[in-house]
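Report on the structure given below.
The values are calculated or read from the model by the stated rules, or taken from the named source; none is laboratory data. Just so we're clear, the structure is a prediction, and the values are computed from it rather than from any experiment. Cβ: placed from backbone, ideal geometry, glycine included. Neighbour counts: every protein chain shown. SASA here: full protein model, heavy atoms, side chains in, ligands and nucleic acids out. Shrake-Rupley method; radii C 1.70, N 1.55, O 1.52, S 1.80 Å.
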Amino acid sequence: KDLQLKVLKILDNQVSLLKHKNVNKAAAIVIDNDSGDILAYHGTNDFFGETSGSQLDSVLLRRQPGSAVKPFTYLFAFENGFNTSSLLPDIPISFNVGAGVYKPRNYNEKFTGPRILADSLANSLNIPALFLVDILGVDKLFAFYNKLGFKLSHDPDYYGVGITLGNAEVSLMQLVRAYTLFSSGGNIRNLRFLLNEKKSNLELVSDSQKSW
């Protein structure tokens with residue numbers, strides 16, 4: 001109960017700080033990484049509010065997660081022969097998408113040349129991640145994302161290389177569950193709402209693949 005109230009206070013404070021950007025609601029889920037137990041859950045911080053959507057559970061709503069999915073692209077790269085020292089390009093580059101051409105940029109509008117994979121991930125650079133998807137295959141990363149439990153609604157061509165930048169809609173619940181593999185040595189924890197639920201995992205990365 002205390003944690004639930006503390007999380008609600010944090011959400012309220014963050015929404016207040018972001019009011020100038022027209023943010024009026026927030027959601028959060030807190031879990032125990034070892035067990036998968038859900039310790040706190042707020043689908044919204046403003047259930048009784050008068051704004052549109054106040055009573056929607058935003059933990060379960062599917063939204064574009066942006067760069068929050070990039071680490072999974074790098075994990076997929078590790079499983080396919082890359083390592084933290086692999087060189088990746090951060091240079092002007094273009095990709096054929098549908099009937100047009102996509103010329104991506106980084107968030108800071110700058111290019112930094114060749115970067116090792118570890119730096120590319122740590123700085124959340126767009127172009128190295130897009131490069132990885134392009135050479136590894138959108139369809140293969142798409143299949144990996146579905147193994148993570150994202151259950152994407154469209155086919156790989158619909159998302160293209162932008163899948164690594166979060167253009168596919170997933171829920172916060174799905175994202176939190178997928179992130180448990182980083183703290184559990186390659187196993188995804190199935191999240192538990194009730195203490196009498198059986199604990200279970202999904203082994204996503206085998207021992208022979210754990211180069212990370």
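Compute the relative contact order of region 6-141 as a whole-number percentage, counting only Cα pairs closer than 8 Å that sit 6 or more residues apart in sequence.
17
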*Between A40 and residues 5 or more places away or on another chain, which pairs have amide H atoms under 5 Å apart, with H built 1.01 Å from N, and which residues are they?*
V30
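Arranged from highest to lowest average of other beta-carbon atoms within 10 Å per residue, in what order do the peptides 102-108, 146-152 appear?
Numbers: 102-108: 12.1, 146-152: 16.4.
My ranking of the peptides, most packed first, is 146-152, 102-108.
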_Surface accessible to a 1.4 Å probe, E79 within the full protein complex, Å²_ = 40
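At 1.4 Å probe size, put Y41, Y159 in order of accessible surface, largest to smallest.
My answer, sorted largest first, is Y41, Y159.
Tell me the relative contact order for region 11-70 as a rounded percent, counting alpha carbon contacts under 8 Å between residues six or more apart.
On the way: 72 pairs, mean separation 14.7, N = 60.
Once normalised by length, the contact order is 24 percent.
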*Excluding ligands, DNA and RNA, what is the solvent-accessible area per residue of the chain at a probe of 1.4 Å, expressed in Å²?*
57
*A143-S67 FRET efficiency (beta carbon distance; Förster radius 25 Å; 0.05 resolution)*: 0.75
*Inter-site label distance for S54 and N106 at 7 Å from Cα along Cβ, in nm*: 4.3
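What is the magnitude of the charge dipole of region 13-147 about its Cα centre, with +1 placed on the Cβ of each Lys and Arg, -1 on the Cβ of each Asp and Glu, and no other charges, expressed in debye to the nearest 20?
Working: 12 positive and 12 negative charges, 104 e Å.
Computed charge dipole of region 13-147: roughly 500 debye.
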*Quick one: which residues, 5 or more positions from S171 or on another chain, have an amide H under 5 Å from its amide H? H modelled 1.01 Å from N in the peptide plane, none for Pro or chain starts.*
R63
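If you take the square roots of the eigenvalues of the alpha-carbon gyration tensor of region 38-104 and sort them as a ≥ b ≥ c, do you get rounded (a/c under 1.5), prolate (a/b over b/c) or oblate? Could the numbers behind the result be given before it?
On the way: a/c = 3.86, a/b = 1.84, b/c = 2.10.
Oblate, because a/c is 1.5 or more while a/b does not exceed b/c.
Just list whichever of K70/K103; K1/K21; K25/K151 have alpha carbons separated by over 28 Å in the model shown. Write out the running numbers ahead of the final one.
Working: K70/K103 18 Å; K1/K21 31 Å; K25/K151 25 Å.
From the list (K70/K103; K1/K21; K25/K151), the Cα-Cα distance tops 28 Å for K1/K21.
For region 57-185, state the semi-axes of the equivalent ellipsoid (square roots of 5 times the eigenvalues of the alpha-carbon gyration tensor), sorted largest first and rounded to whole angstrom. Could the numbers behind the result be given before it?
Values: eigenvalues 102, 64, 38 Å².
Over the Cα atoms of region 57-185, the semi-axes work out to 23, 18, 14 Å.
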*Under a plain spin-label model, where a point goes 7 Å from the Cα along Cα-to-Cβ, how far apart in nm are N83 and N13?*
4.2
*Name the residue farthest towards the positive end of the dipole of region 1-123 from the options I31, I91, V59, assuming +1 on Cβ of Lys and Arg, -1 on Cβ of Asp and Glu, about the Cα centre.*
I91
